[in-house]
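The values are calculated or read from the model by the stated rules, or taken from the named source; none is laboratory data. No experiment lies behind these values; they were computed from the predicted model shown. Cβ placement follows ideal geometry from the backbone for every residue including glycine, while neighbour counts extend to all protein chains displayed.
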Amino acid sequence: MKKLFLLLFLTGCQTNLSGNIANSTSSTGTSGTSETPIVLPNIRLGDRYYVSSVFSTIFQPTQAEGATAGEVSTIQYFIDTNIGRQFTDFGGACDYFSNSTEYCGSGAVNIGSAIVETTNVMASPLAQATSLRSAMSLRTIYGLIAYDPALRKAISLAKSTTYGAVNLTGIAGPTLTELQTAYSIVYPGVIPSLATLNKIHALTSSVESSYNGKEAWKMAYNVLLSTLLWQQL
Amino acid sequence: MIKTPKEIAIAELEMKKTLHRRQFLKSFSGWSGAAMVGCSSAASVLQMMIHGAISKAYGETLATEPRTFLDIFINGGFPAQFLYLPLNPGGGSNYVHNTWNSTNWVSDQPVAGFVPVTTNGQTMHLPFIWGQNIPRASARGGGQVPVSSLLTNTMFARGFWNPSDGHEVGQVQVFRPNPTEPSISGMVADQVDASRIPIPAVSAGAGGYADFYSRTKGIKRVGLNGNPVSDLVSSFTSNAEMTAALAKKDQFSALFQEALTAVAQDARVLNGGSETILSTLSSAENLFRRNFGNLTDVFNNLKAKYAALITASTNMSELFSSAISPAAGHAYRNGNDSVNLYSVTNADLRTIITINSTVDRMAESFAVAEFLMMEGLSKAILIQLTTLLNVAMTKSSGTANAIIVDQHALGVGVSVVANNFYARSLTACLYELTSRLKETNKFNETVIKVGSEFTRSPRDDGTGGDHGWQGNCFMLLSGAIKKPAIVGNLSLNFYTRTQNIPSLAGTWGVGGTINHEGSNSTRLNMGHYASTVCTALKVPSPTPNFLGIVAESPTEGLVPLIGPGETRDD
């Protein structure tokens, strides 16, 4: 039922994927049991450090790769602002090695570089989904794909090439192979089905036809990241 | 047969119920022997049965949306007898007055100031302010209304012992009595439907000690300078990049949805809980599209409304028809600014409150609370009130313009004026806020708590008070409270009689023994405090081994689980 709800939400009641649901939870014939484990609603989501690292991995080039120091720090600051410092929404408790009240709340007391006292730490070790968290995630996605150096880095990963080799001017939209690579970057260990790749490609091709290849790449990473399900552990 | 996630969820709920029943029985076993041996009366058996029913209901609340919680915390230990600590509710003789507990001034002398107030055929003797009038917002017709208009939906809870003295330990106990569990606000945050309530919990203003902790959803803190409501919704404020991204998404909506569905499905993370992420994603996007816009006018208008009520509460002649003029140099004229003790020399102490007097950021706090509650943005809101500002005290040398809440040496004459202004301002704001909640049908699902980290113990010469950590108390307002009640016992003269401390003589709020948890000699502690508040909020208690002293009846709403508050000679 939950999966049906999910699909209805995602598709606006347009797509019937019930066959896949049945396959994933086929009956053993034993009353009251399930062939596959069912995860109860207490989901575990990555904390701010985890989510930040995913964004950094995909979108943050290094100076060694050819990005300027300003570009690197701009991306770092953007991720920090939207994710790293949002300890109330993303969790990730402060510890002795946290080095800034910006990351641990106004009650944090710094001595040297270490937090030695935190009277108002609001961060949970693991936070769950909230609209605030989703909002900040979306802000980060939208902001990063709109920033050329970040988009170049993401494209370079999908193309399995260097940051410097990516020129956004006149770039073609993603191929199926590049989409498959991008997918596996967002969801490590998952090789998407051809049907899925075709649907993403249909979207990016349509965007490329209406706009250009760069916009198609933006849309590719938008749709890959926007489910936010990659944050689930 | 495959169990659906719904069935699993129901099974989980049953497990939780069982767990809580077990926790209950575990705690129950500690006193059941005493109950059966020492108090084997029908009443005790009945109470045990009630506790069983409460425990069952307690488990069932796990599946219930919590009530919205507005925690109004008067930071510093407000002398509660001015508002929410009825010291002599029955009006009888089982009360020993202490000068510092005076809340009125008659014939040039401080007096206890209790006023009989009858509501629903029930008469209670309440603090002086409950017999007075408060200003009403001009949009509501202006003029004044009785403070007792609030009483029908009010419950007073008294006599909770903090574990030890100190502002910090008191605040920790009030907010988060169990260090291994979330704060009470955090318990609410953890229970809310995150797809419907965008900001599960908010702490507005200066933070207290250990007040913020939610196990899973976080508590947002916002300052009260500038425009706090804009700050609170800033996460949902759209910008150029987001507008562009959303526009493109809309332009290719059908293709986007198909691709998104396929991406999610292949990710193989569609197990239980994923829909929570997606529902909050939808909520966030809707909020982006809602475009809160510039909230400056919204906040300023709300702030101005509450500020006007506070200003209209400053006319002390409406509370005291004649001058309050203790003799020059008398202890009743003491003032303190936490550093210096001085004598207040205003000829008439009523004049220390001027048209400009206010409570620091009270208007801003109520504006934030009303905004969040009316917009349905949060389920747990903590506001912290502190200092009286813009007072006009002349003193033996110079002037003073602020009165702190941590009133260690505030003479009775000054206290009567200052704290009645405080209480009047607060009740005027409460009347306006509860009126808004009523007219939008939100009051039944709201609980407003007014409290401090402790109340104040007296100094018998009227020079001031001290930390009354042995008698914490609070006031609840909720549409779920259908008739007023006072619960929790006080001790008649505990310190004088048992510890021979004459300076603490009188009935000033020390928790007395009560008949609870199967014993007639239970003293309430902060575990009972938290469980009581959590029962009203319909959330699990962080201290489940201590049973709260209220229960919820399907027909009568929130009712006391114990008898009416009394004063015991114990």
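The number of residues in region A:56-93 being surrounded by fewer than 23 Cβ atoms within 10 Å (Cβ to Cβ), aromatic (F, W, Y) and more than 12 Å from chain B (Cβ to nearest Cβ) comes to 1.
Here is a list: A:I155, A:I200, A:I171. Which entry is β-branched (V, I, T), under 16 Å from the mean Cα position of the chain (by Cα) and surrounded by 14 or more Cβ atoms within 10 Å (Cβ to Cβ)?
Values: A:I200 fails: under 16 Å from the mean Cα position of the chain (by Cα); A:I171 fails: under 16 Å from the mean Cα position of the chain (by Cα).
On inspection, the qualifying residue turns out to be A:I155.
Residue count for region B:514-558 satisfying the condition of being closer than 23 Å to B:S491 by Cα and not in a loop (DSSP other than H, G, I, E, B): 18.
Kindly evaluate A:A202 against the criterion of being part of a helix (DSSP H, G or I) and without any contact (Cβ under 8 Å) to a residue 24 or more places away in the chain.
Numbers: part of a helix (DSSP H, G or I): yes; without any contact (Cβ under 8 Å) to a residue 24 or more places away in the chain: yes.
Criteria met by A:A202.
The number of residues in region B:378-387 being crowded, with 23+ Cβ neighbours inside 10 Å and outside any strand (DSSP E or B) comes to 2.
Of note, B:G76 satisfies the criterion of being surrounded by 17 or more Cβ atoms within 10 Å (Cβ to Cβ) and either part of a loop (DSSP other than H, G, I, E, B) or in contact (Cβ under 8 Å) with a residue 60 or more places away in the chain (or both).
Does region B:202-216 include one or more residues that are more than 7 Å from chain A (Cβ to nearest Cβ) and at pLDDT 90 or above? There is at least one residue in region B:202-216 that is more than 7 Å from chain A (Cβ to nearest Cβ) and at pLDDT 90 or above.
Evaluation of B:L430 against the conditions (1) assigned to a helix (DSSP H, G or I); (2) over 24 Å from B:T532 (Cα atoms) shows that the sole unmet condition is (2). Please tell me if B:D297 is in a helix (DSSP H, G or I), more than 7 Å from chain A (Cβ to nearest Cβ), within 30 Å of B:E364 (Cβ to Cβ) and without any contact (Cβ under 8 Å) to a residue 12 or more places away in the chain. So B:D297 passes the test.
Among the conditions (1) farther than 22 Å from B:Y213 by Cα; (2) modelled with pLDDT under 90; (3) not hydrophobic (A, V, I, L, M, F, W, C), A:T62 misses just one, which is (2). Is it fair to say B:W100 is at pLDDT 95 or above and among the aromatic types (F, W, Y)? It is false that B:W100 is at pLDDT 95 or above and among the aromatic types (F, W, Y).
One line per residue, one yes/no per condition, for (1) farther than 19 Å from B:V417 by Cα; (2) away from every other protein chain (no Cβ under 14 Å); (3) crowded, with 22+ Cβ neighbours inside 10 Å:
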site: B:K248; (1), (2), (3): yes, no, no
site: B:F252; (1), (2), (3): yes, no, no
site: B:T280; (1), (2), (3): yes, no, yes
site: B:L309; (1), (2), (3): no, yes, yes
site: B:D337; (1), (2), (3): no, yes, no
site: B:Y342; (1), (2), (3): no, yes, no
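Here's the yes/no breakdown for (1) crowded, with 23+ Cβ neighbours inside 10 Å; (2) modelled with pLDDT of 95 or more; (3) over 18 Å from the mean Cα position of the chain (by Cα):
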| site | (1), (2), (3) |
| --- | --- |
| B:G398 | no, no, yes |
| B:S415 | yes, yes, yes |
| B:S425 | yes, yes, no |
| B:G451 | yes, yes, no |
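Residues in region B:346-361 that are buried (at least 24 other Cβ atoms within 10 Å of the Cβ) and among the aliphatic types (A, V, I, L, M): B:L349, B:I352, B:I353.
For B:P163, the requirement of being modelled with pLDDT of 85 or more, in a loop (DSSP other than H, G, I, E, B) and surrounded by 24 or more Cβ atoms within 10 Å (Cβ to Cβ) is not met.
Answer yes or no as to whether B:F292 is at negative phi, at pLDDT below 95 and surrounded by fewer than 20 Cβ atoms within 10 Å (Cβ to Cβ). Yes: the conditions hold for B:F292.
Return the only residue of A:T101, A:T119 being at pLDDT below 80, within 8 Å of another protein chain (Cβ to nearest Cβ) and surrounded by fewer than 20 Cβ atoms within 10 Å (Cβ to Cβ).
Numbers: A:T101 fails: within 8 Å of another protein chain (Cβ to nearest Cβ).
Step by step, each of A:T101, A:T119 is checked, and only A:T119 is at pLDDT below 80, within 8 Å of another protein chain (Cβ to nearest Cβ) and surrounded by fewer than 20 Cβ atoms within 10 Å (Cβ to Cβ).
Annotation note: of A:S137, A:S209, the sole residue that is surrounded by fewer than 21 Cβ atoms within 10 Å (Cβ to Cβ) and part of a helix (DSSP H, G or I) is A:S209.
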